[in-house]
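Below is one structure, written out as structure tokens, with a few remarks after it.
The values are calculated or read from the model by the stated rules, or taken from the named source; none is laboratory data. Because the structure is a prediction, the values reported are computed rather than measured. As a convention, Cβ positions derive from the backbone with ideal geometry for all residues, glycine included, and neighbour counts pool all protein chains shown.
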Amino acid sequence: MSGRPAERDDRLAEGAVGIGRPNRKRVGADQTPLLEISHLSVHFPVRRGFGRGARDVVHALDDVTIAVAPGESLGIVGESGCGKSTLIRCAARLVDATAGSIRFEGSEITRASRRALAPVRRRMQMVFQDPEASLNPRRSVGQILATPLRLRGVERDRLEAEAVALLNEVGLEREHMHSHPHELSGGQRQRVGIARALAMQPRLLLLDEPVSALDVSVRAQIVNLLADLREQVAPGAVPLAMLFVAHDLAIVRQVSDRIAVMYLGKIVESGPAEQLCRAPIHPYTQALLAAVPKAYPGAGPPRAQLAGEPPSAITPPSGCRFHPRCPYASEVCAAVEPPLVRYPDGRLAACHHPLGVNEAQAVAAEVSPASPLSAAPQTHAAV
Amino acid sequence: MQASTEAQPVSGVNMEPSTPAQGAPLLSVRDLSVTFHGGRGVVQAVAGVSFSVAPGEALAIVGESGSGKSATALSLTGLTREAGAQLHGSIEFEGADLMGASQIQLRQVRGAGIAMVFQDPMSALNPVQRIGSQIAEQVRAHGDISKAQAGERAVAALQAAGVPEPQLRSRSYPHELSGGMRQRAMIAMALSCSPRLLVADEPTTALDVTVQAQILAELRRLREQTGMAVILVTHDLGVVAGFADRVLVMYAGQIVEQGSVSEIFADPQHPYTWGLLGSIADMTAERPRRLPAISGAPPSLQRPPSGCRFHPRCPHAHEACLADVELLSRVRDGEHLDRCLLEVDAKRSLRMRGGGIGL
């Protein structure tokens, strides 16, 4: 697997998730991806039982290829344990890759040293799920914001003004400068978390379930804030790209240009947000859509409800990993892993029984360069 | 799942439901106030809340953090009785007064009459006790029953709550289960004594949407089978639509609107309800550029705003909102009550935001 990055060609960039419908306003036609993750795998060894017994391997991420264009917002959606958080942590180099490569602004960072990563991390900032745990409880908001500002080289006498400007940008006031995290509501704390990330003037925000711990009403505020941050870029300034991870498709759709759906460490479908939600190709995407609560009464129980929970990532199912829970599964699904196929409209999906795909589209579809290498292309032709 | 056969093991457990008089509510709460006196001042978490629950009814209490919805739910079984807390009003369950009940009397009601499911099963379950034995312990606390029988009852309850391989799972410790399974175990524990009322406090907030859908479907099925009433406490109006018969919307310790689920969703009267509805991302509609969110944050309950408590955040507030607003039926004579002074016709046009309802 690790040999693959060397063979990178232009097709890879084109086929990778996240390219194809860049944000019209600020992205030039020939820009290289901001973040490019190719055939990335992360395996965690875990001890079986107590003592020095045999070791199992958790396949948290298995051969995932995605890319984020400058200024683009890519949403990653999936259930707990699908590897979405591992993916985002791996992009920030908080977790080491087992195989594959991560490139940021064109340069390889997969195995870069701490020292070499420092300038990269300024341009790639993370927002965590639980602001209560990711903000230092003993420091005031002003102090929390001062650290990244100083690192960015802001002069001492400008610190306060810059911090207040950041607070205003995320919808807080000067009076919050002296508050400590425990004095703020959950939504306000998450705003501080976002302000801290913005202090470095990043090109890419990595958001790991940033609204899952918040009330629905506050979620809407934060989602709107993220939309504003992407739109209110001063002319000539660096556009802000986002990699947004969540388990709720309704939220992901609201903040993303494109969406990638993950299941048990693999990408099963990706495409433009609206299109993917309107006409999903993969049965798993359909199931995630069905799980979103209906916002009107009389809708009754959601249709095609997904039963059970994802199986163990230590011994993932053979063939298509979704087949034990899939209502459309057939024999081939258990035997052969479906490759990630690129359909004529540019969408990618890995399914032997794609939904809403007619014969012409199926024939015109070709295996994407983003497809896992383990899913041999010729098997698709045979199906 | 063959529902009808599975429900039997848990139904008909001790304490025969005392059949209430025809039409009498199962639970009746009158003018409930809960005030906490703490180091940082006096907080009135619940300020005069009245409602009732009919046998078998599903009631949703909806509101943001700090709206008093959990304090209301916890007060039903005396769980807000603590040093520094003052409770006023009356709570009647099956005709018996719970407000003045002793701890011993309350213990009879908890679990068997009113059972609770909490948001975070990891902290509600004992981490060093097997699931089955925790459930059996509760069963034995409420009836003279052998250990072996209680164990069987626990397995049956796990099965009724949709836990696969209940025999095996009853031997598991909480950390060995996934979040969804733990919540099912909590539900099994709540069901084990066949309560007449299940109070579920944010039961799905910590779960994935897929598991949330499963748990809600499970609760819906169990309610239909056992005929128990359910109070669902949640911040998400979205989960209420397919679940509840009636909805209470709470804000800053007060009920600001109450009505049937169709009244609340189709003809909401209070701007706060509009805001909650607007906050739900509707997958069936075109994606709006921005969600019509409620701006600002809920007020401090130490010094709640005068008049309509929502007025500082309400774009439609006017001078009259500064005086107290009663919870009244304003639409027509009926059960649909709200605390907003705007004209009904004006409300119907003001609440429209980009094709949907929003603030």
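Structure notes:
Residues are listed down the side, and each one gets a yes or a no for (1) surrounded by fewer than 17 Cβ atoms within 10 Å (Cβ to Cβ); (2) in a helix (DSSP H, G or I):
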residue: A:87; (1), (2): no, yes
residue: A:96; (1), (2): yes, no
residue: A:100; (1), (2): no, no
residue: A:103; (1), (2): no, no
residue: A:112; (1), (2): yes, no
residue: A:117; (1), (2): yes, yes
residue: A:121; (1), (2): no, yes
residue: A:136; (1), (2): yes, no
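- Members of region B:303-333 that are within 15 Å of residue B:268 (Cα to Cα), free of Cβ contacts under 8 Å to residues at least 24 places away in the same chain and within 26 Å of the chain's Cα centre (by Cα): B:328, B:329
- All of B:200, B:190, B:157, B:141 fail the test of being touching a Leu at 6+ places or on another chain (Cβ under 8 Å), more than 30 Å from residue A:214 (Cα to Cα) and at pLDDT 90 or above, apart from B:157.
- Test: residue A:202 is assigned to a loop (DSSP other than H, G, I, E, B), closer than 17 Å to residue B:279 by Cβ and within 21 Å of the chain's Cα centre (by Cα): no
- Residues located in region A:45-77, provided they are farther than 30 Å from residue A:116 by Cβ and touching a Leu at 6+ places or on another chain (Cβ under 8 Å): A:77
- Evaluation of residue A:286 against (1) in a helix (DSSP H, G or I); (2) over 17 Å from residue B:282 (Cα atoms); (3) not small (Gly, Ala, Ser) (one fails), failing number: (2)
- Residues in region A:61-96 that are under 21 Å from residue A:340 (Cα atoms) and more than 14 Å from the chain's Cα centre (by Cα): A:62, A:63.
- Scope region A:329-344; condition part of a loop (DSSP other than H, G, I, E, B) and either touching a Phe, Trp or Tyr at 6+ places or on another chain (Cβ under 6 Å) or exposed (fewer than 15 other Cβ atoms within 10 Å of the Cβ) (or both); matching residues: A:330, A:344
- If you go through region B:227-262 and keep only what is touching a helix residue (DSSP H, G or I) at 6+ places or on another chain (Cβ under 6 Å) and among the hydroxyl-bearing types (Ser, Thr, Tyr), you end up with just B:251.
- Test result for residue B:171, charged (D, E, K, R) and either assigned to a helix (DSSP H, G or I) or under 22 Å from residue B:234 (Cβ atoms) (or both): no
- Each residue in region A:70-85 was checked for being touching a Lys or Arg at 6+ places or on another chain (Cβ under 6 Å) and either of a type in the set (Ser, Thr, Tyr) or surrounded by fewer than 20 Cβ atoms within 10 Å (Cβ to Cβ) (or both), and 0 of them qualify.
- When we screen B:97, B:201, B:144 for residues that are closer than 18 Å to residue B:53 by Cβ and free of Cβ contacts under 8 Å to residues at least 12 places away in the same chain, the only hit is B:97.
- So residue A:184, is it within 14 Å of chain B (Cβ to nearest Cβ) and touching a Lys or Arg at 6+ places or on another chain (Cβ under 7 Å): no
- The lone criterion from (1) at the interface with another protein chain (Cβ under 9 Å from one of its Cβ atoms); (2) surrounded by 24 or more Cβ atoms within 10 Å (Cβ to Cβ); (3) not β-branched (Val, Ile, Thr) left unmet by residue A:207 is number (1).
- Residue within region B:239-249 that is modelled with pLDDT under 95, touching a His at 6+ places or on another chain (Cβ under 9 Å) and over 30 Å from residue B:107 (Cβ atoms) present: no
- Matching option when the condition is of a type outside the set (Lys, Arg) and surrounded by 14 or more Cβ atoms within 10 Å (Cβ to Cβ), among A:108, A:160: A:160
- Of all residues making up region A:211-266, the number that are at the interface with chain B (Cβ under 7 Å from one of its Cβ atoms) and outside any helix (DSSP H, G or I): 3
- Residue that is nearest to residue B:224 (Cα to Cα) [pool: residues in region B:243-295 that are surrounded by fewer than 19 Cβ atoms within 10 Å (Cβ to Cβ) and touching a residue at least 40 places away in the same chain (Cβ under 8 Å)]: B:245
- Remark: pairs (first residue in region B:166-181, under 16 Å from residue B:119 (Cβ atoms) and surrounded by 19 or more Cβ atoms within 10 Å (Cβ to Cβ); second residue of a type outside the set (Phe, Trp, Tyr) and at pLDDT 90 or above; Cβ separation under 6 Å; 6+ apart in sequence or on different chains) = B:174/B:125; B:174/B:127; B:174/B:182.
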